[in-house]
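Colleague: First, the structure itself, so that you have it in front of you.
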C-alpha cells in the first residue's frame, strides 16, 4: 500500500508536459523558421532572451515542433520565417517586419508585439497550439 501511495505522489509532483506547436501560413520554402519559447514577460518577445529556441528547416507551408518535458506554467511563443537566413526578423525603415511572423494565441497588435499576457498559454498537461504566420 505504501508503494502505491508513493507512486501516486510522484506522479502528482511530476507536472511536466509537452507543448506541440503547429505553424501554418509559411509563405515559401526559402530559409528557416525560428520558434522562441518564453516563460517571462520581461523577456517576451526578444529573440536571444527566450527560454528555449529552435530553428527548423522548411519543407512546406506547415511545420510542427514539440517542446518536451516542460514544467507546468505560463508560456508564450514568438515565431518568424527567416527567409534570408540572417538570424533576425527583418524590418523596413519604419520598423515594420518584412518577414512573416506570429505569436501564440495568434495574438497581434497593430504597431507592436502583443503582451506576454495576450500571447501566453497555460500548460498543465500535454497541449497542442496552432500559430498562423502573416
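The values are calculated or read from the model by the stated rules, or taken from the named source; none is laboratory data. Bear in mind the structure is a predicted one, so any value in this text is a computation, not a measurement. Here Cβ is always computed from backbone atoms with ideal geometry, including for glycine, and neighbour counts include all displayed protein chains.
Colleague: Taking the conditions exactly as written (loosely packed, with under 14 Cβ neighbours inside 10 Å and either modelled with pLDDT under 95 or at positive phi (or both)), does residue 31 satisfy them or not?
Modeller: Working: loosely packed, with under 14 Cβ neighbours inside 10 Å: no; either modelled with pLDDT under 95 or at positive phi (or both): yes.
No; evaluated as a whole, the condition is false for this residue.
Colleague: Restricting to region 101-134, count the residues that are under 15 Å from residue 46 (Cα atoms) and in contact with a strand residue (DSSP E or B) (Cβ under 8 Å, 6 or more places away or on another chain).
Modeller: Summing the residues that are under 15 Å from residue 46 (Cα atoms) and in contact with a strand residue (DSSP E or B) (Cβ under 8 Å, 6 or more places away or on another chain) in region 101-134 gives 9.
Colleague: Still on this structure, please answer the following. Looking only at region 66-101, count every residue that is under 11 Å from residue 33 (Cα atoms) and either touching a residue at least 40 places away in the same chain (Cβ under 8 Å) or in a loop (DSSP other than H, G, I, E, B) (or both) and tell me the total.
Modeller: Start the filter on region 66-101 by keeping residues that are under 11 Å from residue 33 (Cα atoms), which leaves 78-85, 87-89, 99-101.
Filter once more, keeping what is either touching a residue at least 40 places away in the same chain (Cβ under 8 Å) or in a loop (DSSP other than H, G, I, E, B) (or both): 78-85, 87-89, 99-100.
Looking only at that region, the number is 13.
Colleague: Further question on the same structure: Specify which of the listed residues (74, 49, 57) is exposed (fewer than 13 other Cβ atoms within 10 Å of the Cβ), at pLDDT 95 or above and in contact with a strand residue (DSSP E or B) (Cβ under 9 Å, 6 or more places away or on another chain). Talk me through it step by step, then tell me what you get.
Modeller: On the way: 74 fails: exposed (fewer than 13 other Cβ atoms within 10 Å of the Cβ); 49 fails: exposed (fewer than 13 other Cβ atoms within 10 Å of the Cβ).
On inspection, the qualifying residue turns out to be 57.
Colleague: Now a separate question. Exactly one of these conditions fails for residue 113: (1) surrounded by 15 or more Cβ atoms within 10 Å (Cβ to Cβ); (2) out of contact with any helix residue (DSSP H, G or I) (no Cβ under 6 Å at 6 or more places or on another chain); (3) within 17 Å of residue 38 (Cβ to Cβ); (4) free of Cβ contacts under 8 Å to residues at least 60 places away in the same chain. Give me its number.
Modeller: Answer for residue 113: the failing condition is (4).
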